[in-house]
Amino acid sequence: MLGLGILKGLSVTLRHFVETYVSDLKRFPHRYAPQGRARRLRPTERGIFTVQYPEERLEMFPRFRGALMQLTNPETDIPKCTGCGICARFCPVGVIEVVRAEEKRDGQYVPQSYSWDLSACLFCGLCVESCPFGALYHTPEYELSTYGRQKGELIYDLDRLLAWGQKYAPLGTPPVEQEE
Amino acid sequence: MQTVETRLRTETITLNMGPQHPSTHGVFRMIITLDGETIVDLEPVMGYLHRCQEKIGERNTYLQNIPYTDRLDYICSMSNNLAYVMAVEKLAQIEVPERAEYIRIIMVELTRIVNHAVAIGALLNDLGCFFTPMLYALEERERILDLFEMASGSRMMCNYMRFGGVRYDLPPGFMPELKSVVAALPAFIDEFERLLTDNEIMRIRCQGVGILPPDVAVGYSCTGPLLRASGVDYDIRKVDSYSIYDRFDFDVPLGTNYDVYDRYLVRIEEMRQSVRILEQAIEQIPEGEVSVKLPRVFKPPEGDVYHRIESPKGELGFYLVSDGSTNPYRYKIRSPTFINLTVLPELCKGHKVADVVAILGSIDIVLGEVDR
Ligand code: SF4
Ligand code: SF4
């Protein structure tokens, strides 16, 4: 019969529509309550599974490649980075610039300046992968829009990267550390 | 009708479709010559998204090219990674550990499901069935992309494969998640089929439209689902088996009517076959190393190499010439959609304007790969 296929298709959309509401009513608490979120993310769950973004945020996976951060050596309180510039050489678009300081501090080379230009970064992670001193890592930070592209906005200097590091280092930086 | 047409002398008109058109899947322009509603000629204009990928590839070191391959066909970054990495491995004769091979196959077959789901969703979008099938497809894709993010750190620009293996081993919690996603996939495909396969409107729009006979398809070097929907049994996973595809049991679906509808059916069936491969891979995956140690400054020996894989869209090949230095001397990409697209004028002639979007959607192009 002509039209049977359309009806069959419509039954699918209708079921999706009904499930959106029914599966929510069936189980209290509400889908958008904090406890409801874990349930919403399960692959077996029917109905809506979107995250209401500004109000709710997904937790990033530990390997998530977000903004970069520079770690500080907790014992000596100076940056772990030695300014060797290997990350800058591995970067495919050349958005990292490093200058090594003339003098050592506490017997370790330190960078005089370090800048990371977010506007052209691919977030590929090759810089993190290449750093031999374990100084450079990704943060789970992804809300990085700014109103300008100058220094202090899209161009990050060492201090800002170290500040990210202070914030996120306690959380641990699992994947690369295990391997190196 | 016949008499009116012969009595009235009409002129053809030229119509520009694109470069900014919702159904051209990006920035792509078609210059269509029309006689009334019928297409007399069609000229595809490409290159709006040209980014000098090949020239950049010669500037980059071998390793630095991997993130760039992600950006060719941005829906299937994993299979682009695989094609490039395997080409370099062939050049430098690097052995890949067993576990890494399985991880690669899992990732690439998941990519195939993502790509076909999106391709069908986009085809239906073009036909005027706005967003319902597309969103059902995207819902499933989202779960798979979560798996990619878990393993590689990024949803779409995965940058996961490395010469001689993969970047990291699978994270804890990946396998159970993968199993539940794979277990849910057949139900999703069934539902997709129930929604679309018998739908009369879709059948009327797709059946008998854009017929591509096997000899023409071969003549234009079409590959992938487009070629198989034309009834040519040619799947590189079978005919020129690479990696460990010879260990898996799967079928190659073929079309019988060579039209848009057949391309849709072939894609649906390929998704089912991918699920089969995934199930076998999950069962067989061994423990062990996932990468081999390479020197930090990687220099393959002199020579040239071509390696091709069956990417979800067709034959994706990389041709590399090495002069023994850190960068490739020549870096050439054989992209499947660019070559599949050349057959578009042939498919469209004689059809109506409204059919162009259906035919274009059934070829399944991504402009990032067409223009490179
Ligand atoms: S993530 Fe990639 S593009 Fe960005 S700074 Fe690091 S190496 Fe360069
Ligand atoms: S971040 Fe690492 S690779 Fe980059 S300059 Fe500092 S120590 Fe060297």
On each of the three principal axes the extent of the alpha-carbon atoms of segment B:202-290, given in whole Å and largest first, is 50, 29, 18
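Please get the size of the charge dipole for the protein assembly as shown, origin at its Cα centre, with Cβ charges of +1 on Lys and Arg and -1 on Asp and Glu, quoted in debye to the nearest 20. Don't skip to the answer; put the middle values down first.
Details: 61 positive and 75 negative charges, 137 e Å.
Roughly 660 debye, rounded to the nearest 20.
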Taking Cα atoms, the helix B:98-127 axis meets the longest principal axis of chain B at an angle in degrees (rounded to 10) of 20
Here the FRET efficiency for residue B:51 versus residue A:51, based on Cβ atoms and R0 = 35 Å and rounded to 0.05, is 0.60
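In segment A:54-178, what is the volume of the convex hull around the alpha carbon atoms, normalised per residue and reported in Å³? Don't skip to the end; give the middle numbers.
Numbers: hull volume 13.9 nm³, N = 125.
Enclosed volume per residue, from the Cα hull, is 111 Å³.
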Taking Rh as the Kirkwood radius computed over alpha-carbon pairs of the protein assembly as shown and applying Stokes-Einstein at 10 °C with viscosity 1.306 mPa s, one gets a diffusion coefficient in µm² s⁻¹ of 62
With label points set 7 Å from each Cα along the Cα-to-Cβ direction at residue B:93 and residue A:13, the distance between them in nm comes to 6.0
Once Lys and Arg are counted +1 and Asp and Glu -1 for all other residues with Cβ under 12 Å from that of residue B:90, the total becomes -2
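What's the long-distance tail for segment B:304-372, i.e. % of Cα pairs beyond 18 Å? Show your work: numbers first, answer last.
Details: 1185 of 2346 pairs.
Of all Cα-Cα distances in segment B:304-372, 51 percent exceed 18 Å.
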Dipole check, the protein assembly as shown, charges on Cβ (K,R +1; D,E -1), about Cα centroid: among B:257, A:108, B:344 the Cα furthest to the positive pole belongs to A:108
With Cα coordinates, the longest principal axis of chain B makes an angle with the long axis of helix B:77-92, in degrees rounded to 10, of 50
accessible surface per residue for the protein assembly as shown, probe 1.4 Å, DNA/RNA/ligands not counted, whole Å² -> 45
The extension gain from residue B:342 to residue B:354, computed as 0.36 nm times the residue separation minus the Cα-Cα distance, is 2.4 nm
Expected vector for segment B:237-252, Karplus 3J(HN,Hα) from phi with 6.51, -1.76, 1.60 and θ = phi - 60°, integer Hz, x for Gly and Pro, equals 4, 9, 7, 9, 4, 10, 6, 10, 5, 5, 7, 9, 9, 8, 9, 10
One computes Rg over Rh for segment B:224-364 from alpha-carbon atoms, with the Kirkwood Rh, and obtains 1.07
In nanometres, the difference between 0.36 nm per residue of separation and the alpha-carbon distance of residue A:143 and residue A:109 is 9.0 nm
Those residues in segment A:1-23 that give up at least 40 Å² of accessible surface, probe 1.4 Å, once the partner protein chains are present instead of the chain by itself are A:5, A:6, A:8, A:12, A:13, A:16
Heavy-atom accessible surface buried between B and A, both sides counted, 1.4 angstrom probe, nearest 100 Å², is 3400
With a Förster distance of 35 angstrom and the Cβ-Cβ distance between residue B:20 and residue A:20, calculated FRET efficiency to the nearest 0.05 equals 0.55
Quick tally, 1.4 Å probe accessible area for A:117, B:323, B:73, sorted with the most first, runs B:323, A:117, B:73
One computes Rg over Rh for chain B from alpha-carbon atoms, with the Kirkwood Rh, and obtains 1.00
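Please compute, over every Cα-Cα pair in segment B:103-244, the percentage with a separation greater than 17 angstrom.
Values: 6925 of 10011 pairs.
Pairs farther apart than 17 Å: 69 percent.
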On each of the three principal axes the extent of the alpha-carbon atoms of segment A:60-104, given in whole Å and largest first, is 38, 29, 11
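What is the magnitude of the charge dipole of chain B about its Cα centre, with +1 placed on the Cβ of each Lys and Arg, -1 on the Cβ of each Asp and Glu, and no other charges, expressed in debye to the nearest 20?
Values: 39 positive and 53 negative charges, 207 e Å.
Around 1000 debye, computed over chain B.
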For segment B:48-106, the Cα-Cα pair-distance distribution in 10 Å bins from 0, as whole percents, is 20, 50, 25, 5, 0
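Could you please state how large a percent of the accessible area of segment B:279-321 is carbon and sulfur, counting protein chains only and using a 1.4 Å probe? Spell out each step's value before the answer.
Working: 1110 of 2240 Å².
About 50 percent, which is the carbon plus sulfur part of the accessible surface.
Suppose R0 equals 51 Å; then what is the FRET efficiency for residue A:167 and residue B:241 from their Cβ-Cβ distance, rounded to the nearest 0.05?
That gives a FRET efficiency of 0.55.
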For chain B, the longest principal axis of the Cα atoms and the Cα long axis of helix B:260-284 enclose an angle in degrees, to the nearest 10, of 20
Of all C-alpha pairs within segment B:107-183, those more than 18 angstrom apart amount in percent to 45
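The values are calculated or read from the model by the stated rules, or taken from the named source; none is laboratory data. Quantities reported herein were computed from a predicted structural model and do not represent experimental measurements. All Cβ positions, even for glycine, are placed from backbone atoms using ideal geometry, and neighbour counts span all protein chains on display. Each accessible area value is taken on the protein alone, full model and side chains, heavy atoms only, with ligands, DNA and RNA left out. Shrake-Rupley method; radii C 1.70, N 1.55, O 1.52, S 1.80 Å.
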